[in-house]
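Here the structure is laid out as structure tokens; the discussion comes afterwards.
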Amino acid sequence: DEIKETKRFLEQVIDEIPVALLVKRVEDGVYVTCNRQAEKLIGRSRDQVVGMHLDEVAGPTAIKDITGRDRIAIAMKGQVFTSEVPLLRKGQPSGLLLTRKVAIGDSDGNPKYLVTTYADVTDRRQNEQRLAYMAFHDALTRLPNRAAFVQSLEQMIDSCSQIEEKFAV
């Protein structure tokens, strides 16, 4: 009873994590758990995902990329491997996912589980790009501002000074 209660408690904790979480066994690639956010991302319930392999969950184009990142994370032996990947909906890129993977080892240090989290960072990247644009462009005319001009001029001076070329403004 205590083991069942502990499992139920841990599933509740995992479900409240605000990013998609998937865990699979390294030896056979079978998913052992996922949370509600992962269910939304994959479009399947936990009961459907648990016990499946990657080829049953992901499309053929994603399998090669995911498998490659899995191998890198496993080789890093307990260190977190981070990457950004496009979020595909119906075959079309519709966002950007920040992926973190870490291999969890057994008592001998051999990788036993691969824990993967996915966080949608589409809005964050769009806001960063918008802020960068606003920093170097006039809000009214949308033309490059003084900061953009100075930055461009400094880059030109630096590149020309390294190769001893001349330029005119």
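The values are calculated or read from the model by the stated rules, or taken from the named source; none is laboratory data. Computed from a predicted model, the values in this text were never measured in an experiment. Because the Cβ atoms are built from the backbone with ideal geometry, glycine has one as well, and the counts that use them run over all protein chains shown. The area values use the complete protein model at the heavy-atom level, side chains included, leaving out ligands, DNA and RNA. Shrake-Rupley method; radii C 1.70, N 1.55, O 1.52, S 1.80 Å.
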Among (1) more than 28 Å from Gln12 (Cβ to Cβ); (2) touching a Pro at 6+ places or on another chain (Cβ under 7 Å), the one test that Ala103 misses: (1)
Count of the range 3-47 residues which are farther than 22 Å from Arg69 by Cα, within 23 Å of the chain's Cα centre (by Cα) and either part of a helix (DSSP H, G or I) or charged (D, E, K, R) (or both): 8
The range 100-156: number of residues that are of a type in the set (A, V, I, L, M), in a strand (DSSP E or B) and open to solvent by 70 Å² or more (accessible area, probe 1.4 Å): 1
Among residues of the range 48-98, those that are surrounded by 13 or more Cβ atoms within 10 Å (Cβ to Cβ) and assigned to a loop (DSSP other than H, G, I, E, B), counted: 5
